[in-house]
Amino acid sequence: MFGDYSIGDLGSIFVMQGFAGLILFSVYVLMALGLAIIFGQMGVINMAHGEFMILGAYVTWMTSNFFQSYLPGLFSGYFFLAMILAFLASGALGMLVEWVLIRHLYRRPLDTLLATWGLSLMLQQAYRSIFGAREVGVELPQWMLGSMHVSDSIEVPINGVFVMALTVLITMAVAYIMYKSRWGRQVRAVVQNRVMAGAVGINTEKVDRYTFALGCGIAGVAGSAFTMIGSTGPTSGQLYIVDTFLVVVFGGAASLLGTIASAFSISQTQSTLEFFMSGSMAKVLTLLAVVGILMLRPQGLFALKVRK
Amino acid sequence: MTTDNPRFANRSELLGILVLAVLLVVILPLCLDVFRLNLVAKYLTYAFVALGLVICWGYGGILSLGQGVFFGLGGYCMAMFLKLEASSPENTKIQSTPGIPDFMDWNQITQLPLFWKPFHSLSFTIAAVILVPALFAFIIGAAMFKRRVGGTYFAIITQAVAAILTILIVGQQGYTGGINGMTDLRTLKGWDIRPDHAKIVLYFFEVACLFGCIFIAQFIRHSKLGRILIAMRDKEDRVRFSGYSVANFKIFAFTIAAVFSAIGGAMFALNVGFMSPSFVGIVPSIEMVIYTAVGGRLSILGAIYGTLLVNFAKTSLSESFPELWLFGLGGLFIAVVLAFPNGLAGIWGDYIQPQLNRLLRSRKSRSGPTAGWTDNSVADGAPAE
């Protein structure tokens, strides 16, 4: 499959496809971070995670429309407000869901999977009723359009760079929260020993609720980023959920570093393969490789011990 | 469970099977027109999957979110045979290459691919319907369970497998018919499967197969094997320490569930007359799990009633309120998981059966065996992870 290209062409192809892969990587990382926090730290499988992401995307879309009609002067900066609103909206919904549904199911992880699947169906229908079945696209401000010219055959889109910078920032923030802050210490204490954490005065229920809300909130920000590279529809989130779960499992649950590494390898493989074969076959090969590796190494790339 | 250990079914279970038989063989065919009966036939194909899930998930504790894969494999094997028969050279004269399925012709394929050729034979097809999914399930099961991967990890991997197979089928349009699937299936060994009387014959054939599977499931459940499965679900380590190979039993449960699903898929191709990737992917696979959950994950008969009820509700709701259907289905998922982990069979066993027993006893003043529809030793509380 490489035969028809010269060495220089191949180099450019890999750089361009690699860059396209980096945008996919950003969405994977943002989605997977939230999922990894919820799944890795709490053992809850949140099948509605994609719908939380799409909520963020819809919030971004509404903010952009609002700025367009009422504050056209500030339109170039709407995205930052949209991201905050997306985080808050998804986080608030996540907190509500945890209180109504998830907290009753902590001892039955397989059942959370079914219940959150039901939730995702309801959310999809709610989006369809509220926003309509048609996919909506967000209009980007002027400064995000266009691309940077690196060399004759390599061009880099600006919105992609922006999304990546955003991803790096959020990942660092999450790492700080989880590993340096007082609250992160409480979360890790609860994960390691719930009873003991409660005994030393940590309000475990509150920690659970805010952890879930944080994971959902990050999904909302992922939705904001998602609007730049795809159009938003009621079922867009579902397309990503299996990939994201594979990212989390492949990286090894409870390991943020593993999540990032696996998101990187999966997205790059897929994006590079996509150039040489049809998109569907690229996806099939990538997923097959991941499933194959997981069968040989079920604990994932980076986890110490995850059995059952 | 009654004190004696019947080989196959105790009295109340036999009664339950009899009631189901009367319902499916006598009442439904008499009450419904052929169109509705064909719908029931379609629903019952999912009942095979639900039945498999009772063994695999309810008894074995292995939640598979990829049963659509096996349903699809069985269905596609059958559909390939029917499609080849429907595209005989006489029927496909107008194609640029007569004698190959129409979708291949549309995709500029001029020769029948090698893996299609054996499907000219009906006996090979029937063997493939059973063996291909069994082999596939065995490989997945062996790879996962031997390494002691279970629970949520297994569920996610099976889901990924379902996603892969769907993308593959849709992507390889020339070999599989793509997103439209295999349509326009006509005859089975020269016997037209489309007219009304053929639909009725196929319905009864399917019901017979379903009862065959129910008998196998009952046998498994009452054998020592079934009890090891339940023990394994509840305390895996203890079973392992007693010297049993836990992985092999899990592989067996998963494979049997896969075979049941595949039979259901083959029946689907026969009864409904087409097969498409929309019955293979993640969404249908999870929907099939909910049939089992609604019926009761521990009840063989409950799973069948659950499948029928959810599908009837789906058809009538989505006909009259298409907006509400997804809310209804989603709500059902949540309600079943939160409030009734043992589904309809749990409600029956906990509330209705005791009432019935009391009524019967006061009338006849006789104390018969009081084993419920769900076996109490099995249905003890919510199943452990």
Residue that is nearest to the other protein chains (Cβ to nearest Cβ), among those in the range B:273-289 that are under 23 Å from B:I214 (Cα atoms) and surrounded by fewer than 24 Cβ atoms within 10 Å (Cβ to Cβ)
B:E287
Out of (1) outside any helix (DSSP H, G or I); (2) buried (at least 21 other Cβ atoms within 10 Å of the Cβ), the odd one out for B:G243 is which?
(2)
Assess whether A:V156 counts as being touching a residue at least 12 places away in the same chain (Cβ under 8 Å), in a strand (DSSP E or B) and away from chain B (no Cβ under 14 Å).
yes
Number of the condition not met by A:R188 [criteria: (1) within 14 Å of chain B (Cβ to nearest Cβ); (2) assigned to a helix (DSSP H, G or I); (3) surrounded by 12 or more Cβ atoms within 10 Å (Cβ to Cβ)]
(1)
Can you tell me how many residues within the range A:10-37 are within 14 Å of chain B (Cβ to nearest Cβ) and under 8 Å from the mean Cα position of the chain (by Cα)?
2
Going residue by residue through the range B:47-62, is there one that turns out to be surrounded by 24 or more Cβ atoms within 10 Å (Cβ to Cβ), within 20 Å of B:N342 (Cβ to Cβ), among the hydroxyl-bearing types (S, T, Y) and under 15 Å from the mean Cα position of the chain (by Cα)?
no
May I ask you to say which residue of B:F71, B:F48, B:F35, B:F8 is at pLDDT below 80 and either within 14 Å of chain A (Cβ to nearest Cβ) or out of contact with any Pro (no Cβ under 6 Å at 6 or more places or on another chain) (or both)?
B:F8
Among what's in the range B:335-356 and is buried (at least 21 other Cβ atoms within 10 Å of the Cβ) and assigned to a helix (DSSP H, G or I), pick the residue that is nearest to the other protein chains (Cβ to nearest Cβ).
B:V337
Apart from one, (1) buried (at least 24 other Cβ atoms within 10 Å of the Cβ); (2) in a helix (DSSP H, G or I); (3) of a type outside the set (D, E, K, R) all hold for A:Y78; the odd one out is (1)
Is the range A:128-151 home to any residue that is within 11 Å of chain B (Cβ to nearest Cβ), at pLDDT 90 or above and surrounded by 15 or more Cβ atoms within 10 Å (Cβ to Cβ)?
no
Could you give me the residue pairs with C-beta distances under 6 Å whose first residue belongs to the range A:68-81 and is hydroxyl-bearing (S, T, Y), whose second residue is part of a helix (DSSP H, G or I) and at pLDDT 85 or above wherever it lies, and which are 6+ apart or on separate chains?
A:Y78/A:T63; A:Y78/A:S64; A:Y78/A:F67
Top-ranked residue in the range A:38-62 [being in a helix (DSSP H, G or I) and closer than 19 Å to B:A155 by Cα; ranked as nearest to the other protein chains (Cβ to nearest Cβ)]:
A:F39
For the range A:224-246, name all the residues that are buried (at least 24 other Cβ atoms within 10 Å of the Cβ), within 11 Å of another protein chain (Cβ to nearest Cβ) and either of a type outside the set (V, I, T) or over 30 Å from A:N65 (Cβ atoms) (or both).
A:D243, A:F245, A:L246
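Per-residue answers, yes or no, for (1) closer than 25 Å to B:G60 by Cβ; (2) without any contact (Cβ under 8 Å) to a residue 24 or more places away in the chain; (3) away from chain A (no Cβ under 14 Å):
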residue	(1), (2), (3)
B:F119	no, no, yes
B:S123	no, yes, yes
B:I130	yes, no, yes
B:V170	no, no, no
B:L188	no, no, yes
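β-branched (V, I, T), surrounded by fewer than 19 Cβ atoms within 10 Å (Cβ to Cβ) and not in a loop (DSSP other than H, G, I, E, B): is that true of B:I164 in this structure?
Values: β-branched (V, I, T): yes; surrounded by fewer than 19 Cβ atoms within 10 Å (Cβ to Cβ): no; not in a loop (DSSP other than H, G, I, E, B): yes.
Considered against the rule, which asks whether it is β-branched (V, I, T), surrounded by fewer than 19 Cβ atoms within 10 Å (Cβ to Cβ) and not in a loop (DSSP other than H, G, I, E, B), B:I164 comes out as no.
The values are calculated or read from the model by the stated rules, or taken from the named source; none is laboratory data. Since we're looking at a predicted model, the values are computed, not measured. Positions of Cβ are backbone-derived with ideal geometry, glycine not excepted, and every protein chain shown enters the neighbour counts.
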